[in-house]
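Reviewing the structure listed below.
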Amino acid sequence: MKIKYKNDITKNIIPIKSKKSSTISFRIDEDYLKKLREETQEKKVSLNTLANQIFGEYIEWQRYAERFGMVSMSKDAFKYVLDSLDDKQIIELATTIGQKAPKEFILFKWKKIDSENIVNFIKMYFGHCGYGRYDYAKDIENNNYTFSIHHDFGRKGSLFLKSFLETLLKSTLKKDCQSIVTENSLAIFFKE
């Protein structure tokens, strides 16, 4: 199916097949169940949906993050680190991290480096690490990828994320990219 967008870019929409589910039962601590039920009320989802989200988070992210040795840091702490560095140091930090860590994580989780796994990594990075919210689009006809990212880290955060993503793409796919940067957002464009 093709949809024509306002900006005159035609995008292919691929229907997503629903996943098969299985029925399982197990025992959990009563206090945990109470907290889970409270969470379902807050999020307005079923206990089944919440359980699937929790299992999905573990399967898709946490088990790899734990095995890989990821360290969690609050947004305030990350912003404090960035604010304590000058622009040159931020670029150096982002470049150093972007050259090595993503490539190692991608090989660890997916076992090969290709455009699909780079996109999956970027989605995972922003979806699970707290660096911001993203929107993603792929123009299938022209093999163009676009990530729009909004964050709360200010100008130095934009500089870090731009440098990190540009280095990631250059070191893994040998691709240059274009970017547009504002104080709390950036857009990255690259071709397959």
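The values are calculated or read from the model by the stated rules, or taken from the named source; none is laboratory data. Just so it is clear, the structure is predicted and the values come from calculations on it, not from any experiment. Quick reminder, even Gly has a Cβ in these numbers, built from the backbone with ideal geometry, and neighbours come from all protein chains shown.
Of the residues making up region 89-134, those that are of a type in the set (D, E, K, R), within 14 Å of the chain's Cα centre (by Cα) and under 18 Å from C177 (Cα atoms) number 2.
Would it be correct to say that R133 is touching a His at 6+ places or on another chain (Cβ under 8 Å), more than 15 Å from L169 (Cα to Cα) and either of a type in the set (K, R) or not assigned by TED's automatic domain parsing to the domain that holds F160 (or both)? The answer is yes for R133. A single member of I180, I140 is more than 30 Å from I54 (Cα to Cα), free of Cβ contacts under 8 Å to residues at least 60 places away in the same chain and surrounded by fewer than 18 Cβ atoms within 10 Å (Cβ to Cβ), and it is I180.
Okay, residues lined up against (1) closer than 14 Å to I188 by Cα; (2) among the charged types (D, E, K, R):
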position: P102; (1), (2): no, no
position: K109; (1), (2): no, yes
position: K123; (1), (2): yes, yes
position: R133; (1), (2): yes, yes
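Taking the criterion of being touching a strand residue (DSSP E or B) at 6+ places or on another chain (Cβ under 7 Å) and closer than 16 Å to L85 by Cβ, the residues of region 152-190 that qualify are S158, L161, K162. For the criterion of being of a type in the set (D, E, K, R), surrounded by 10 or more Cβ atoms within 10 Å (Cβ to Cβ), modelled with pLDDT under 95 and touching a strand residue (DSSP E or B) at 6+ places or on another chain (Cβ under 8 Å), K4 fails. Where helices (runs of 4 or more DSSP H) fall wholly inside region 59-147, the ranges with 2 or more residues that are over 26 Å from E192 (Cβ atoms) are 63-68, 75-83, 87-110. As for region 49-66, it holds at least one residue that is surrounded by 10 or more Cβ atoms within 10 Å (Cβ to Cβ), of a type in the set (S, T, Y) and either at pLDDT 95 or above or more than 29 Å from K156 (Cβ to Cβ) (or both).
Put simply, of S163, S158 the only residue that is buried (at least 16 other Cβ atoms within 10 Å of the Cβ), in contact with an Asp or Glu (Cβ under 7 Å, 6 or more places away or on another chain), not in a strand (DSSP E or B) and not assigned by TED's automatic domain parsing to the domain that holds G56 is S158.
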